[in-house]
Amino acid sequence: IIRDLMDNEPMLYSWYDYPEMLHDIHRFQMDIYKEQMDKILKIVKPSVLFFEEDLSGKNGPLISPATFDEFLKPCYEEMIPFLKERGVSQVIVDTDGDFTKLIPNFVSAGVDGFLPVDVNAGVDIVQVRKQFPGLKFIGGFNKLKS
């Protein structure tokens, strides 16, 4: 949401320049998501829910693990139990690039798996699987070739 509101570069600066504003945006976003998801999950019963984060590029995460923990982890820690209480069994994060440095942060927040495991960013699905055997991964192939 923040990237949609600001675009990439202003968003990246805002973590440092406007932390209170970002916390307010996240709180507002969480309130809306929970209100709407509560209604939706009374009608639709998905077993898997995807979050699109795209927090990484070819050279690694665009934010530090500490920034993730301050701003995003509380959102996941609030939303994932909310979703699971309503029947969602798996929460998967869709993030491109080399996200491997953030995997422990996502896992500690309750995320169950990731996609697409971007080989174009040098992510080796075999190594990631060895390091995190309990996670679910989708991908590990070159999605840019047809």
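The values are calculated or read from the model by the stated rules, or taken from the named source; none is laboratory data. Just so it is clear, the structure is predicted and the values come from calculations on it, not from any experiment. In this analysis, Cβ positions are derived from the backbone assuming ideal geometry, glycine residues included, and neighbour counts consider all displayed protein chains. The protein model used for the area step is the full one, side chains on, heavy atoms only, and it has no ligands, DNA or RNA in it. Shrake-Rupley method; radii C 1.70, N 1.55, O 1.52, S 1.80 Å.
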Exposed-loop-free span, longest in the chain, where trypsin sites (Lys or Arg not before Pro) count as exposed if DSSP calls them loop and at most 11 other C-beta atoms lie within 10 Å:
43-144
Positive-end extreme of charge dipole, the chain - chosen from P133, S14, N105 (charges on Cβ)
P133
Per 0.36 nm of contour for each residue apart, how much would the distance between K136 and H23 grow if the chain were fully extended, relative to their Cα-Cα spacing?
37.7 nm
Accessible solvent surface per residue of segment 69-138, calculated while the other protein chains remain in place, 1.4 angstrom probe, Å²
42
Residues I43 and D69, FRET efficiency given R0 of 35 Å [Cβ-Cβ distance, rounded to 0.05]:
0.55
If you roll a 1.4 angstrom probe over the protein chains with everything in place, what fraction of the accessible area of the chain belongs to carbon and sulfur, to the nearest %?
55
Cβ-placed point charges (K, R +1; D, E -1), dipole of the chain about Cα centre in debye, nearest 20
820
Given backbone amide H placed at 1.01 Å from N, residues whose amide H is under 5 Å from that of D94, ignoring those fewer than 5 places away on the same chain, are F51, E52, E53, L115
Convert each backbone phi in segment 90-105 into a coupling constant with the Karplus relation 6.51 cos²θ - 1.76 cosθ + 1.60 (shift: θ = phi - 60°), then list the ³J(HN,Hα) values in order as whole Hz, x for Gly and Pro.
10, 10, 10, 9, 8, 9, 7, x, 8, 9, 4, 5, 9, 4, x, 5
